[in-house]
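Engineer: Sharing a structure with you now.
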2 protein chains.
Amino acid sequence: MQFVLVPPSNMHRHFGSLLSGAVGADVTFEVAGDMFAAHRCVLAARSSVFMAELFGPMKEKAMNCIEIKDMEASVFEAMLHFIYTDTMPDIDQEDAFVITHHLLVAADRYDLERLKLICEDKLCMCIDTSTVVTTLALAERHGCQGLKKACFELLKSPSHLKTVMATEGFDLLLASCPSLIKELLAKVAPCP
Amino acid sequence: MQFVLVPPSNMHRHFGSLLSGAVGADVTFEVAGDMFAAHRCVLAARSSVFMAELFGPMKEKAMNCIEIKDMEASVFEAMLHFIYTDTMPDIDQEDAFVITHHLLVAADRYDLERLKLICEDKLCMCIDTSTVVTTLALAERHGCQGLKKACFELLKSPSHLKTVMATEGFDLLLASCPSLIKELLAKVAPCP
């Protein structure tokens with residue numbers, strides 16, 4: 001007989017409340033004009049990059065307010081949400097592709113391996129002839145093998161490939177990542 | 001086709017490393033002579049009692065070293081492990097009953113509801129004629145309804161009840177918690 005029901009882990013909820021309440025926050029980030037309060041030890045526990053920045057020999061260690069460059073505030077906010085809760089925040093469907101794209105870049109920058117894989121997985125669902133070139137370039141730049149495979153899978157279809165090759169984006173990819181196009185060629189060519 | 005495999009949450013591992021490494025620890029507890037370094041914001045995120053003690057108007061707020069009274073060091077250590085990882089530490093089988101008993105008391109003291117339920121659940125497995133009196137007293141003192149039910153379930157067997165009633169512990173329970181014995185009587189009496 002079951003006398004006691006043990007509920008599932010509530011750690012993500014507890015740390016989510018810590019983030020939103022900001023009790024005991026000991027560092028502030030300025031991101032594109034917005035300010036975000038956070039807890040050094042939580043960031044360091046979750047990201048080796050924050051560990052090095054906040055507790056290592058880098059100059060950020062002594063700073064109470066750290067400016068984050070080259071990132072949108074909404075992306076930093078989503079990344080903080082993930083760091084504290086280990087879950088993705090709700091993202092508007094129409095912004096999902098762009099935000100997830102930027103969140104993957106942020107995850108790679110801060111060594112958040114699991115967030116990176118979640119973003120890869122979400123971007124796999126967004127691949128079509130209009131997004132595949134951007135996605136392939138992203139996957140190549142950030143070493144996302146699964147996402148790259150998913151892009152190649154779409155391009156294996158001759159009709160999709162024809163549509164994509166007619167775009168300006170494809171020419172840009174050809175110029176910027178010729179090795180990627182070579183790899184694509186090997187994939188789509190019929191076996192000898 | 002599945003291109004990306006997202007691993008399960010690794011938050012408990014990350015915070016477990018934060019605890020063992022003690023990087024950025026900002027409070028120390030002295031428990032029966034042993035010292036434990038911890039992070040105020042993690043404790044506060046997980047326990048409303050630590051939140052009040054460490055960030056509220058209580059005197060502990062300004063202290064860097066806090067003495068914990070009436071607790072064994074091994075129990076405090078196990079509680080810290082749970083706070084950081086949301087999992088129970090490995091406990092030697094022979095000490096399991098005693099440690100889990102004390103851990104339930106600690107969980108109640110620090111408002112760690114999920115740890116309390118995990119301990120209740122484990123103690124349900126330890127109930128026999130030699131442990132049922134101690135367990136019933138514990139369940140009554142800390143408001144553990146499930147554990148209490150499990151104890152009554154064992155005592156519904158007339159032979160178990162007879163064995164238990166012959167012990168000194170039962171007489172002590174009768175003296176200290178007469179209402180509990182009344183409740184027991186109502187449970188074991190045949191329906192009229």
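Engineer: Among the residues of the stretch A:15-31, is any under 30 Å from residue B:146 (Cα atoms), in contact with a helix residue (DSSP H, G or I) (Cβ under 9 Å, 6 or more places away or on another chain) and open to solvent by 30 Å² or more (accessible area, probe 1.4 Å)?
Structural biologist: Yes: one or more hits.
Engineer: Next up: Within the stretch A:9-24, can you find the residues that are in a helix (DSSP H, G or I) and more than 8 Å from every other protein chain (Cβ to nearest Cβ)?
Structural biologist: A:13, A:16, A:19, A:20, A:21
Engineer: Can you go through A:149, A:162, A:156 and tell me which one is out of contact with any Leu (no Cβ under 6 Å at 6 or more places or on another chain), without any contact (Cβ under 8 Å) to a residue 40 or more places away in the chain and under 20 Å from residue A:105 (Cα atoms)?
Structural biologist: Of A:149, A:162, A:156, the one residue that is out of contact with any Leu (no Cβ under 6 Å at 6 or more places or on another chain), without any contact (Cβ under 8 Å) to a residue 40 or more places away in the chain and under 20 Å from residue A:105 (Cα atoms) is A:149.
Engineer: List every residue pair whose Cβ atoms lie under 6 Å apart, where the two residues are 6 or more positions apart in sequence or sit on different chains, the first residue falls within the stretch B:123-143 and is without any contact (Cβ under 8 Å) to a residue 40 or more places away in the chain, and the second residue, located anywhere, is among the charged types (D, E, K, R) and open to solvent by 30 Å² or more (accessible area, probe 1.4 Å).
Structural biologist: B:142/B:108
Engineer: Name the single residue, out of those in the stretch A:144-160 being away from chain B (no Cβ under 13 Å) and open to solvent by 30 Å² or more (accessible area, probe 1.4 Å), that is nearest to residue A:97 (Cα to Cα).
Structural biologist: Step by step, filter the stretch A:144-160, then rank; the result is A:160.
Engineer: For residues that are under 12 Å from residue A:170 (Cα atoms), surrounded by 21 or more Cβ atoms within 10 Å (Cβ to Cβ) and not hydroxyl-bearing (Ser, Thr, Tyr), tally how many sit in the stretch A:131-143. Outline the logic, then answer.
Structural biologist: At the first step, the residues of the stretch A:131-143 found to be under 12 Å from residue A:170 (Cα atoms) are A:131-137.
Still in the list and also surrounded by 21 or more Cβ atoms within 10 Å (Cβ to Cβ): A:132-133, A:135-136.
Now restrict to residues that are not hydroxyl-bearing (Ser, Thr, Tyr): A:132-133, A:136.
Result for the stretch A:131-143: 3.
Engineer: Pick out, from the stretch A:58-155, the helices (runs of 4 or more DSSP H) lying fully within it that include 3 or more residues that are of a type in the set (Lys, Arg).
Structural biologist: In the stretch A:58-155, A:113-125 are the helices (runs of 4 or more DSSP H) which contain 3 or more residues that are of a type in the set (Lys, Arg).
Engineer: Has the stretch A:103-115 got any residue that is in contact with a Phe, Trp or Tyr (Cβ under 6 Å, 6 or more places away or on another chain) and under 30 Å from residue B:112 (Cα atoms)?
Structural biologist: Looking for residues that are in contact with a Phe, Trp or Tyr (Cβ under 6 Å, 6 or more places away or on another chain) and under 30 Å from residue B:112 (Cα atoms), one finds at least one in the stretch A:103-115, hence yes.
Engineer: For the condition within 11 Å of another protein chain (Cβ to nearest Cβ) and over 17 Å from residue A:40 (Cα atoms), what is the one hit in B:27, B:31, B:6, B:42? Walk me through it before giving the result.
Structural biologist: Values: B:27 fails: over 17 Å from residue A:40 (Cα atoms); B:31 fails: within 11 Å of another protein chain (Cβ to nearest Cβ); B:42 fails: over 17 Å from residue A:40 (Cα atoms).
One residue alone meets the criteria, B:6.
The values are calculated or read from the model by the stated rules, or taken from the named source; none is laboratory data. The structure displayed is predicted, hence computed values, not measured ones. Here the Cβ is made from the backbone with ideal geometry for all residues, glycine too, and neighbour counts use every protein chain on show. Just so you know, the surface numbers come from the protein's heavy atoms only, side chains and all, with ligands and any DNA or RNA stripped out. Shrake-Rupley method; radii C 1.70, N 1.55, O 1.52, S 1.80 Å.
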